[in-house]
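Working notes, beginning with the structure itself.
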Amino acid sequence: ECYGPNTAARILDSDKRVIDIINNYSKMSFNFGPTLLSWMENHRPEIYQAILEADGLSLERFSGHGSAMAQAYSHMIMPLANRRDKYTQIVWGIKDFEKRFGRFPEGMWLPETAVDTETLEVMAEIGIKFTVLAPRQAKRVRRMMRSARWHDVSGGGIDPTTAYLCILPSKKKINIFFYDGPISQDVAFGGLLTSGEAFGDRLLKVFNDQRDWPQIVHIATDGETYGHHHRFGEMALAYCLHLIESQNLAKIINYGEYLEKHPPTHGVEIIDHSSWSCVHGVERWKGDCGCNSGMHPGWNQAWRKPLREAMDWLRNTLTPLYEDHSRGLLKDPWKARDEYIDVILDRTEESIEGFLKRNCSKDLSREEKVKILKLLEMQRNAMLMYTSCGWFFDEISGIETAQVLRYAARALQLAEGLFNVTLEKEFLQRLEKAPSNIPEFEQGAKIYEMFVKPATVDLLRVGVHYAISSLFEEYP
């Protein structure tokens, strides 16, 4: 409904005849989550290839700056993560991007634009040049001159028509763009996509001759806006870009090219623990702040806090077990976890053996190799269980929350097999404190027993699956 149409958006003339078909991605900045791209690679390869090609076209169009941006790997709310998880998430996002797009990303999209200073420090340390935030995430700005005074812009008062430089406590630097909030809202919720002409006109009206710098007008919306939330939205976007370009009303540019040609003249400080989709900061992913879908008046989200606490307890319990049991096997357990993305992206025997050779402190037996891989899969699932949509919606029994609980269950299953410990019982006791809004589901532990436990797979079930499916498929 949206990703495919955006790779081949039709432009119509006044007689409704198709006069051009364009790949919208080649003319705009975009990011895709690694899980979505991995699914697309297997199930919609032609769309996947068109997205990769769009980045190549944008490199030619925008002075060698590709429009694709990386994303923190598993859509974790970064300010709520510990520093070690932040580092791995950013490294994995970059490595996944490099494998697909064949270059290092200049920019990185933060899930829900949720940000804190530590996350920016990690991004800057690894070499990310810029990110994009909501206007209300800016705290204060000043000209980059000695003795220049700070100006408070909290509450969305920042001018979004230029780039800003954020100088971090470590003295590292990262550039930040703050998108135009009102237009972004009108594209997403206000019906601006009913007309490509009106859309273009609205963007152009932002330019103001009173400003004495090269202005950039930019918005940020969900990719699903164009075609899923708004049917034919991709056509409105295509016509808007066509109109601006063909009539030379403004220059289409991307963030990387803008930074090269117009380095920031102003510095900025951010509001820590802020996001674009929760007016209370990042409370939506850890508490009953009142943010919800609006679909169920009378429901509460009191389950969010105990769910977050249960996940934190599990992560913190698994950390020393991972360190202790990898000692003597891995040179550096956390560096090995950062590099494990190489195995996730390529699970061939050759890839696994290369990873083990680089990261292990000795020659391993087959059993030791299996143990290392189980330890790392446990760590992978302990990060996947923080996927943001598990907290975003209204009810703990929703499919998104059931999914993050399945990641937790997989981490538990691996831990109990590796360490001969029983952790699930205590995890469930913590989930009992997470109340459901639906009487028959009661609380999180019951939901776990109903929707998560039946989904777990052990070796017996694998054997049964192979036995039955071998009636229809040939196996080596």
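The values are calculated or read from the model by the stated rules, or taken from the named source; none is laboratory data. Note that the coordinates shown come from a computational prediction; the quantities given were computed from them, not determined experimentally. Cβ: placed from backbone, ideal geometry, glycine included. Neighbour counts: every protein chain shown. To get the accessible areas, we keep the full protein, side chains included, count just its heavy atoms, and leave off ligands, DNA and RNA. Shrake-Rupley method; radii C 1.70, N 1.55, O 1.52, S 1.80 Å.
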I'm checking my understanding of the structure. Among residues of the stretch 258-287 that are over 23 Å from the mean Cα position of the chain (by Cα) and either without any contact (Cβ under 8 Å) to a residue 40 or more places away in the chain or in a loop (DSSP other than H, G, I, E, B) (or both), which one is nearest to residue 28 (Cα to Cα)? 262
So, residue 473, is that one open to solvent by 60 Å² or more (accessible area, probe 1.4 Å) and part of a loop (DSSP other than H, G, I, E, B) or not? yes
Anything in the stretch 287-316 that is within 14 Å of residue 82 (Cβ to Cβ), crowded, with 18+ Cβ neighbours inside 10 Å and of a type outside the set (A, V, I, L, M)? List them, or say none. 308, 315
Of the residues in the stretch 411-441, those that are in contact (Cβ under 8 Å) with a residue 60 or more places away in the chain, assigned to a loop (DSSP other than H, G, I, E, B) and among the hydrophobic types (A, V, I, L, M, F, W, C) come to 421, 423, 434
Here is a check on your reading of the model: is residue 336 open to solvent by 20 Å² or more (accessible area, probe 1.4 Å), aliphatic (A, V, I, L, M) and either in a strand (DSSP E or B) or touching a strand residue (DSSP E or B) at 6+ places or on another chain (Cβ under 6 Å) (or both)? no
If you check residue 464 against the conditions, is it buried (at least 20 other Cβ atoms within 10 Å of the Cβ), in a helix (DSSP H, G or I) and of a type in the set (A, V, I, L, M, F, W, C)? no
Close pairs from the stretch 148-172: first among the aromatic types (Phe, Trp, Tyr), partner in a loop (DSSP other than H, G, I, E, B), Cβ under 7 Å, at least 6 apart: 164/264
Is it the case that residue 220 is modelled with pLDDT of 95 or more, open to solvent by 40 Å² or more (accessible area, probe 1.4 Å) and either assigned to a loop (DSSP other than H, G, I, E, B) or farther than 17 Å from residue 272 by Cβ (or both)? no
Flag if residue 366 is in contact with a Lys or Arg (Cβ under 7 Å, 6 or more places away or on another chain) and farther than 26 Å from residue 94 by Cβ: no
Please verify whether the stretch 224-239 includes one or more residues that are at positive phi and crowded, with 19+ Cβ neighbours inside 10 Å. yes
Would you confirm whether any residue within the stretch 128-137 is open to solvent by 60 Å² or more (accessible area, probe 1.4 Å), part of a helix (DSSP H, G or I) and not small (Gly, Ala, Ser)? yes
The stretch 351-376: number of residues that are at pLDDT below 95 and within 11 Å of residue 326 (Cβ to Cβ): 1
Please identify the pairs in which a residue from the stretch 377-392 that is over 16 Å from residue 316 (Cα atoms) has its Cβ atom under 6 Å from the Cβ atom of a residue that is crowded, with 22+ Cβ neighbours inside 10 Å and of a type in the set (Gly, Ala, Ser), counting only partners at least 6 apart or on another chain. 387/74
Count, please, the residues in the stretch 288-310 that happen to be in contact with a Lys or Arg (Cβ under 7 Å, 6 or more places away or on another chain) and either in a helix (DSSP H, G or I) or free of Cβ contacts under 8 Å to residues at least 12 places away in the same chain (or both). 6
Could you tell me how many of the residues in the stretch 346-397 are open to solvent by 20 Å² or more (accessible area, probe 1.4 Å), not in a helix (DSSP H, G or I) and not hydroxyl-bearing (Ser, Thr, Tyr)? 6
Give the residues of the stretch 243-264 that are open to solvent by 70 Å² or more (accessible area, probe 1.4 Å) and either more than 25 Å from residue 19 (Cα to Cα) or among the aliphatic types (A, V, I, L, M) (or both), sorted by residue number. 249, 260, 261, 263
Which pairs do you get when a residue that is farther than 21 Å from residue 49 by Cβ, found in the stretch 99-110, comes within reach of a residue that is of a type in the set (Phe, Trp, Tyr), reach meaning Cβ atoms under 7 angstrom, with the pair 6+ apart or on two chains? 106/130; 107/130; 107/255
Output yes when any residue across the stretch 131-139 is hydroxyl-bearing (Ser, Thr, Tyr) and at pLDDT 95 or above, and no when none is. yes
Do we find that residue 11 is assigned to a helix (DSSP H, G or I) and open to solvent by less than 50 Å² (accessible area, probe 1.4 Å) in this structure? no
